[in-house]
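The structure under discussion appears below in the form of structure tokens.
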Amino acid sequence: MTSIEINEVTNVSSKAEMTAGASGFANTVGDAATPLLELKEICKRYGQIDVLTNVSFTVNKAEVIGLLGDNGAGKSTLVKTISGVVQPDQGELVWDGKPVQFNSREVSANYGVETIFQDSALVDSMSIARNIFMGREIRNRFGFMDLRQMREIAAEVLKTIVAIEGIDSPDKLVGSLSGGQKQAVAIARAVHFKRSLLVLDEPTSALAVRATEALFDYLRHLRDQGLSSILVTHDLYDAYRICDRFVVMSRGRTILKAAKSETSIEELTEKVSRG
Amino acid sequence: MVTEAPATREVADYKEISASGRRYRLQQSAIDIAILFVGLQILSVIFALVDPSRFAYLNSANITVALQNIPLLGIPALGVGILMIAGEFDLSVGANYIFSSIVVGQLSANGMNQWLAVLVGLIAGTVIGLLNGVITLKLKIPSFITTLGTLGIWNAATLFYHGASSQTYTPTGILNSLLNGNFGPVPAPAIWMLVLAVGCYALLQRHRIGNHVFASGGGPAAANATGVNVVRTKMLAFGITGFMAAVGGILAAASVGNIAPASADSLALNAIAACVVGGLLLTGGKGTVLGIVIGAFLLYWIQDVLLLLGAPGFYLSAFVGALIIAASVFYRVISTRRV
């Protein structure tokens with residue numbers, strides 16, 4: 001992927017952001033030294049089970065965090081907490097220096113959190129373009145959609161980000177796509193509505209190798225623009241290539257927090273597998 | 001089939017993208033059923049021209065009666081269809097149709113201003129639809145069950161409010177022209193159906209609310225996750241369904257001149273049948289307004305043709321049944337051919 005293509009997407013995206021009245025980019029958030037998001041002593045219980053116990057870490061501006069851990073480590077619950085789907089029993093979220101409560105996904109989205117879930121949150125019976133803009137349609141003041149513009153932006157985003165996935169038109173029904181293509185659409189949506197923090201829950205699990213590379217190129221590009229990402233993954237090699245810092249979880253606790261320079265892939269593997 | 005596209009695309013591919021886009025959009029429109037419908041109309045017209053005495057399809061009385069009757073199913077079907085796309089059913093539209101129109105008839109007969117009576121009837125229908133929605137969405141039960149239950153309740157409400165006898169309804173003046181008149185050769189109900197269908201098209205297929213209706217029916221969890229208010233969207237669809245049932249009932253009352261409490265028992269199933277013939281899925285998330293309209297036309301058309309050909313009336317339901325099944329098979333074949 002060349003830088004020219006990326007710039008094209010950025011332009012189209014910012015145009016759409018303005019049209020759709022969406023809120024700002026990462027570089028409009030506070031000053032650079034304040035962490036974007038701090039999690040302080042987050043606890044969550046389901047019945048008798050402690051899913052999260054005193055989880056604390058920070059996400060700085062313009063960095064990619066790898067959130068690692070084996071199955072059942074509490075990664076998904078933590079992702080849901082950050083995106084407002086699950087509320088913690090104890091603990092605090094601090095956004096850009098101010099305590100916040102993410103009571104719903106809508107609230108977290110308003111702060112600038114964009115989440116790609118494992119099940120990718122797409123509707124099979126709708127077209128790609130309508131899926132990308134679902135809930136955030138480009139519309140005039142009477143609420144009527146600008147379908148043409150939605151299609152054009154979707155085509156542009158697909159062409160540059162996920163063209164290698166072989167999607168030939170934004171009018172195609174999502175139900176006719178393969179698993180990897182669906183995930184690519186979900187990623188395209190998240191990238192288009194990029195805000196301040198992208199949370200990607202196992203985004204590459206169904207992606208082809210080339211699509212994964214394109215996504216990582218994109219995450220690097222977004223980081224250069226000042227956006228932060230949290231990448232939740234099983235794939236330690238993927239994580240090691242792209243992430244700046246790592247948070248390893250085991251049984252609901254953080255067992256390692258380290259910058260890339262302070263750790264090695266061997267140590268990460270050891271921590272994830274031994275717990 | 002999906003073909004692997006090259007890694008780098010040139011600007012020239014835009015033409016390709018927009019061409020395949022048109023193809024996909026056409027596939028998602030009601031094009032299949034529209035072609036079938038036009039074909040059947042052409043055949044019918046040819047037969048009518050060849051043998052006008054045996055097959056009086058083009059007789060002006062036949063056309064007028066058709067345009068008067070199709071909206072009485074088609075208008076409620078528009079509401080039922082929007083609700084089906086939102087992933088819910090309303091089996092109580094027939095009961096609502098009768099209750100709302102009998103309210104209008106009785107209030108008018110009791111001396112209420114006839115315009116006000118119509119307004120009260122429309123509000124009653126909408127409130128009934130919304131109540132179906134509240135019960136379904138607040139108690140989190142399937143709307144099929146809710147409206148199977150409320151079907152009995154609204155029927156009883158009619159008997160409680162009015163009794164089992166029929167109620168005459170004779171609007172006067174401008175209201176009569178609007179409900180029961182003719183605009184040139186076209187009966188008023190057909191105009192109303194056209195207006196409401198255009199309104200439904202604008203709402204469902206061009207407005208963001210429509211996008212939310214499709215999302216709520218096609219994937220409620222995904223819709224919620226992307227910030228669509230599924231409950232509010234479905235409530236709106238329930239309300240529209242109730243409103244459309246009332247409009248249909250009032251138009252029927254005005255054109256017949258009276259309302260018999262048991263006259264719309266099969267309306268809900270016929271409306272669902274029209275939607276299925278028009279390409280809607282029982283599972284929600286898919287469909288077009290044009291499809292619903294054509295579905296209502298086809299359900300009437302098959303009965304009309306059989307009656308004109310002198311088929312005994314008691315066979316009609318068998319042909320209507322066969323049409324519903326054939327339409328379903330037709331869509332199944334089409335969808336498996338297109339991947």
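Binning every alpha carbon pair distance of the protein assembly as shown at 10 Å from zero, what are the percents per bin?
Computed distribution, short to long bins: 3, 15, 22, 20, 16, 12, 8, 3, 1, 0.
Which log10 I(q)/I(0) values, to two decimals, does the range B:283-338 give at q = 0.22, 0.25 Å⁻¹ under the Debye formula with one point per Cα?
-0.93, -1.05
Rounded to a whole number of µm²/s, how large is the Stokes-Einstein D of the range B:60-337 at 4 °C and 1.567 mPa s, given Rh as the Kirkwood radius over C-alpha pairs? Let's see the in-between values first.
On the way: Rh = 18.9 Å.
Answer, rounded: 68 µm²/s.
Compute the semi-axes of the equivalent ellipsoid of the range B:13-81, taking the square root of 5 times each eigenvalue of the Cα gyration tensor, and list them largest first in whole Å.
Numbers: eigenvalues 245, 76, 10 Å².
Gyration-tensor ellipsoid for the range B:13-81: 35, 20, 7 Å.
For the range B:75-89, take each phi angle, set θ = phi - 60°, evaluate the Karplus expression 6.51 cos²θ - 1.76 cosθ + 1.60, and give the result in whole Hz per residue in order, putting x for glycine and proline.
Taking θ as phi minus 60°, the curve returns 5, x, 5, 4, x, 4, x, 4, 5, 5, 5, 6, x, 10, 10 Hz for the range B:75-89.
Using θ = phi - 60° and the Karplus form 6.51 cos²θ - 1.76 cosθ + 1.60, what ³J(HN,Hα) does each residue of the range B:202-217 get, whole Hz, x for Gly and Pro?
Result, ordered by residue: 4, 5, 7, 10, 10, 9, 4, 4, x, 4, 6, 4, 4, 5, 5, x Hz.
Quick one: work out the % antiparallel among DSSP beta bridges in the range A:3-274, nearest 5.
55 percent
Under a Cβ-only charge scheme (Lys and Arg +1, Asp and Glu -1), can you give me the dipole magnitude of chain A about the Cα centre, in debye to the nearest 20? Let's see the in-between values first.
Details: 32 positive and 35 negative charges, 102 e Å.
Once rounded to the nearest 20, the dipole reads 480 debye.
Restricting things to alpha carbons, find the Rg to Rh ratio for the range A:111-235 using the Kirkwood radius for Rh.
On the way: Rg = 13.9 Å, Rh = 14.6 Å.
Ratio value, two decimals: 0.95.
When the convex hull of the Cα atoms of the range A:163-241 is projected onto a plane and the area is averaged over all directions, what value comes out in nm²? Could you put the intermediate results ahead of the total?
Working: hull surface 21.0 nm².
Seen from a random direction, the Cα hull of the range A:163-241 projects 5.2 nm² on average.
Can you tell me the dipole magnitude for chain B around its Cα centre, using point charges on the Cβ only (Lys, Arg +1; Asp, Glu -1), in Debye to the nearest 20? Mind dumping the intermediate values first?
Details: 16 positive and 10 negative charges, 136 e Å.
So the magnitude is around 660 debye.
Mind checking the alpha-carbon convex hull of the range B:106-175 and giving the volume per residue in Å³? Spell out each step's value before the answer.
On the way: hull volume 6.9 nm³, N = 70.
Per residue, the Cα convex hull of the range B:106-175 comes to 99 Å³.
Just rank A:Val199, A:Val272, B:Val333, fewest to most, by other beta-carbon atoms within 10 angstrom. Walk me through the intermediate numbers first.
Numbers: A:Val199 26, A:Val272 21, B:Val333 10.
Least to most surrounded, the residues fall as B:Val333, A:Val272, A:Val199.
Using the eigenvalues of the Cα gyration tensor, what equivalent ellipsoid semi-axes result for the range A:3-274 when each is taken as the square root of five times the eigenvalue, whole Å, largest first? Write out the running numbers ahead of the final one.
Numbers: eigenvalues 182, 85, 66 Å².
Each semi-axis is the square root of five times an eigenvalue, giving 30, 21, 18 Å.
Considering only DSSP beta bridges where both residues belong to the protein assembly as shown, give the percentage that are antiparallel (nearest 5). Don't skip to the answer; put the middle values down first.
Details: 28 of 46 bridges.
Around 60 percent antiparallel, to the nearest 5.
What stretch of chain B, leaving out the sites themselves, is the longest with no trypsin sites (Lys or Arg not before Pro) in a DSSP loop having at most 13 other Cβ atoms within 10 Å?
Of all site-free stretches, the longest is B:141-337.
List the relative contact order of chain A as a percent without decimals, with contacts defined as Cα pairs under 8 Å and 6+ residues apart. Working shown, then result.
On the way: 519 pairs, mean separation 75.1, N = 275.
Contact order relative to length: 27 percent.
Can you give me the Cα centroid spacing of the range A:79-121 and the range B:29-103 in angstrom?
If you average the Cα positions of each part, the centres end up 50 Å apart.
Peptide A:172-179: average number of partner chain Cβ atoms within 10 Å per residue? Don't skip to the answer; put the middle values down first.
On the way: counts 8, 6, 3, 5, 7, 1, 1, 0.
Mean partner shielding for this stretch: 4.
Can you give the direction-averaged projected area of the convex hull of the alpha-carbon atoms in the range B:191-339, in nm²?
Numbers: hull surface 44.1 nm².
Mean shadow area of the hull around the Cα atoms is 11.0 nm².
Order these peptides, A:233-239, B:70-76, by their mean beta-carbon neighbour count within 10 angstrom, highest first. Walk me through the numbers before you get to the answer.
Values: A:233-239: 17.4, B:70-76: 28.0.
Highest mean packing first, the order is B:70-76, A:233-239.
Convex hull volume of the Cα atoms in the range B:214-275, per residue, in Å³?
Values: hull volume 5.9 nm³, N = 62.
Dividing the Cα hull volume of the range B:214-275 by its residue count gives 95 Å³.
How shielded is B:133-145 by partner chains, expressed as the average number of their Cβ atoms within 10 Å of its Cβ atoms?
On the way: counts 0, 0, 0, 0, 0, 0, 0, 0, 0, 0, 0, 0, 0.
If you average over the peptide's residues, the count of other-chain Cβ atoms is 0.
Taking only the Cα atoms of the range B:136-234, how large is their convex hull per residue, in Å³?
Numbers: hull volume 16.4 nm³, N = 99.
Hull volume over Cα atoms, normalised by residue count, gives 165 Å³.
Round to a whole angstrom and tell me the spacing of the C-alpha centers of the range B:185-206 and the range A:200-266.
53 Å
Residue-wise, which Karplus ³J(HN,Hα) couplings in Hz belong to the range B:42-54, taking 6.51 cos²θ - 1.76 cosθ + 1.60, θ = phi - 60°, and x for glycine or proline?
Going residue by residue, I get 4, 4, 4, 5, 4, 4, 5, 6, 5, 9, x, 6, 8 Hz, with x marking Gly and Pro.
Considering the dipole of the range A:3-274 built from charges on the beta carbon (Lys and Arg +1, Asp and Glu -1) around the Cα centre, which of A:Ala32, A:Asn54, A:Gly66 is farthest to its positive end?
Looking along the dipole axis, the top candidate is A:Asn54.
How do B:Glu88, A:Glu137, A:Glu92 rank when sorted from fewest to most other Cβ atoms within 10 Å of their own Cβ?
Values: B:Glu88 25, A:Glu137 22, A:Glu92 14.
Listing B:Glu88, A:Glu137, A:Glu92 from fewest to most nearby Cβ atoms yields A:Glu92, A:Glu137, B:Glu88.
Using a 10 Å cut-off on Cβ to Cβ distances, tally the other chain neighbours for every residue of A:147-154 and report the average as a whole number. Intermediate values should be presented prior to the final figure.
Values: counts 4, 0, 0, 1, 4, 3, 0, 1.
Mean partner shielding for this stretch: 2.
Any read-out appearing in this document is the output of simple, stated calculations on the displayed coordinates, not a laboratory observation. This one's a predicted model, so the numbers in the text were calculated from it and none came from an experiment. Cβ: placed from backbone, ideal geometry, glycine included. Neighbour counts: every protein chain shown.
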